[in-house]
Amino acid sequence: MDYSRPELAEKLAAEYVLGTLRGGARRRFETLLPAHPRMADAVQSWQQRMQPLAAQITPVEPPPRVWTALQQRLFGELAAVPRWWQRLGLWQGFSGATSAAAIALLVTLNQPQPAQPPIIIVMNGTPDGAAIIKAGFVASVSTDGRALVLKPLGEVSLAQGRALELWAVPTAGAPRSLGLVSAQAATTVLRAHLLQDTSAFAVSMEPSGGSPTGTPTGPIISAGTI
């Protein structure tokens, strides 16, 4: 992969700063940063762009019902009855600090958890496939490994009677078929454990019905590591 290309450096830097570059791709990017000044400059530029957005976020005051619910949850009926220790300044100060911490915890627990960004795998054309067809894809895999969306990086023209098949490639052993994929539009794959024992994804050219053997029979035209 030619990391000196400005458009590629910008794309990877944006995904890295936004957090959508995950897993092995993110670790590989961090390893390559010191040796590629163009990518390092692109990362710094994206960080500077995102900084004003973070500064615009203002604190949110929890509504009164949160305090009431917290009091009832922690103390039940005792919350409405003042006790002797509640009238002591020392204990009141301590109670205020712990209550503030408890409120913060309750607000955090009641907030919806942000969705985890998908794992992005850039699949480039292979030397073996370049002589037959030029093809590249981007695979987006959900962090729970249950969904994959494969998008072509350009229109791929297939000869009649040919099809493209997606494979999960393990570290050792035979690839696992994930089914036929479109050459022109996005394809969604729903299957459990897509990332389990998977080190890369690959696309091969097969007969129109897919591989007759359960393993790639045609050339691998595009591949990308996780």
- Item | Rg ratio (alpha-carbon, reference 2.2 N^0.38 Å) - the range 119-225 | 0.97
- With r as the distance between the Cβ atoms of residue 32 and residue 213 and R0 = 22 Å, compute the FRET efficiency 1/(1 + (r/R0)^6) and round to 0.05. 0.05
- Query: Among 136-149, 14-27, 206-219, how do they line up from the highest to the lowest mean number of other beta-carbon atoms within 10 Å?
  - Reply: 136-149, 14-27, 206-219
- Hey, got the dipole for the range 125-189? About the Cα centre, +1 on K and R Cβ, -1 on D and E Cβ, debye to the nearest 20? 40 debye
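Every number here is computed from the coordinates shown, using simple stated rules; none is lab data. Values in this document were obtained by computation on a predicted structure and should not be read as measured data. Cβ: placed from backbone, ideal geometry, glycine included. Neighbour counts: every protein chain shown.
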